[in-house]
Amino acid sequence: PFHVVDLSEEYRRRVVDYMFAEYERGRTPNPDVLCNREIKFDVFLKEALRLGADFVATGHYCRRECVAAADGTEHYRLLAGVDGNKDQSYFLCQLSQEQLSRALFPVGGLTKPEVRRIAEEQHLATARRKDSQGICFVGKVDLPVFLQQKLAAKRGNVHEIRADWPKYARTAAPDDLPALAEPWRYTVRDGKKIGEHNGAHFYTIGQRKGLGIGGRRESLFVLATDVGQNVIYVGEGDAHPGLYRKALFMKAGDLHWIDPAERMRAGQRRRFRVRIRYRQPLQGAELVVCDEGGYLLFDEPQRGVTPGQFAVWYDGETLVGSGVIDR
C-alpha cells in the first residue's frame, strides 16, 4: 500500500526554524544533517514503524555494520560508502544506535556508475538525471533570497583586512588549544571599507561569490562576519592567513558518538581522520576532550572553520562521532 503522511510542520519546526535562527546568529548550519536526524530517521521512521515496517531504506552512499560485543549486545557502526566520490556518511553523522538499527543503505556498497547502470537496466527515468543538489526537501535555491523570507536585508559595510595585519604574526604555543582555536577577531579599525552588502547574516566564512567587488588580482574571501555591527571582513587571495586556523572547539553538549561505547572522557585524546565540511578530503587531527567540550587539533591549518557546521571524525572507514563547531 502507498501511504502519505504530512510532516511539513515538523520539518518547519525542527529544520527550517533552526536554520533561520542559526543564520540570524551569524552561524552557518547544515540543514541536511538535521533533516536526517530529526525527520527521515525520527518522525518519518516512527510513522513507518507505526505502519508495520521493520526498516527504513534510503539512497545514501554509506554502509551500516552490526557487530557483537563481548557481552553479546549488538552495536551498529556507520561506515563510509564504497564510492569515495559520493560518500554521504557525513550527512548521517548525528544518528543514534536506535536509528541505525532500523536503517538500510542498499546502494552504499555500489559506485554511482554502477547505480546508474542498474537504473538503465530497469528502465528507470532517473537513470541519467543529474545529481540532486540544494537544501534537503527544499532543493537548489538562492540562499540569500530564501533567507529573506524571515531575515530582513540590512545595508552594511565590507571591510578589507590585509594579509600583513599585525596579529597574524603572533603565534600560540603548540599545546595552547584555546588560543589555537580562537577565531580571528576584527574591528572596523583593523581594515578599510571597500564596499557594502545587504546583511552580514547572508554570508559565511570562506565565501567567495556574491560580494560584488571586483578589480582585484585575486578573489576576495569572507574572513569573518559581525552580525551585531552588520560588518563583513574580507581578505584577498585563497592563501590569506585569516582563512586558516590550526584548531577548533565544540561544546560538550554538541559532541555526538554514533556508539556510546566509543565515547571519550575528559582528559582523553585520540587521533582521527576528520572533515569539517562535506566532500572535504579527510584531514589528520587529534581530538582532545575536556570538561567544556572537545578540541580538534589539526596536523595542518584548516581553511574556513565555520561555526554551526559539523566536524566529523573517522577511524578507518567507521564514522565514530561528530560535533557542532562552536569556534
**Request:** Could you tell me whether any residue of the stretch 49-63 is part of a strand (DSSP E or B) and crowded, with 18+ Cβ neighbours inside 10 Å?
**Result:** yes
**Answer from Ala239, Ala247 - the residue that is closer than 22 Å to Thr204 by Cα, open to solvent by 40 Å² or more (accessible area, probe 1.4 Å) and among the aliphatic types (A, V, I, L, M)** = Ala239
**Residue count, the stretch 141-171 (criterion: open to solvent by less than 40 Å² (accessible area, probe 1.4 Å) and in contact (Cβ under 8 Å) with a residue 60 or more places away in the chain)** = 9
**Request:** Could you list all residues from the stretch 250-269 that are assigned to a strand (DSSP E or B) and open to solvent by 70 Å² or more (accessible area, probe 1.4 Å)?
**Result:** Lys251, Arg269
**Asked** Right, Leu79: open to solvent by less than 20 Å² (accessible area, probe 1.4 Å) and part of a helix (DSSP H, G or I) or not?
**Response** no
**Message:** Given the condition open to solvent by less than 40 Å² (accessible area, probe 1.4 Å), part of a loop (DSSP other than H, G, I, E, B) and farther than 20 Å from Ala172 by Cα, answer yes or no: does some residue in the stretch 279-288 qualify?
**Reply:** yes
**Asked** Could we say that Tyr61 is over 16 Å from the mean Cα position of the chain (by Cα), hydroxyl-bearing (Ser, Thr, Tyr) and closer than 26 Å to Trp257 by Cα here?
**Response** yes
**Item:** Residues of the stretch 17-41 classified as open to solvent by less than 30 Å² (accessible area, probe 1.4 Å), assigned to a helix (DSSP H, G or I) and of a type outside the set (Ser, Thr, Tyr), total
**Value:** 10
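The values are calculated or read from the model by the stated rules, or taken from the named source; none is laboratory data. None of the values given here were measured: they were computed from a predicted structure. For neighbour counting, all protein chains shown are included, and Cβ atoms are generated from backbone atoms with ideal geometry for every residue, glycine included. SASA here: full protein model, heavy atoms, side chains in, ligands and nucleic acids out. Shrake-Rupley method; radii C 1.70, N 1.55, O 1.52, S 1.80 Å.
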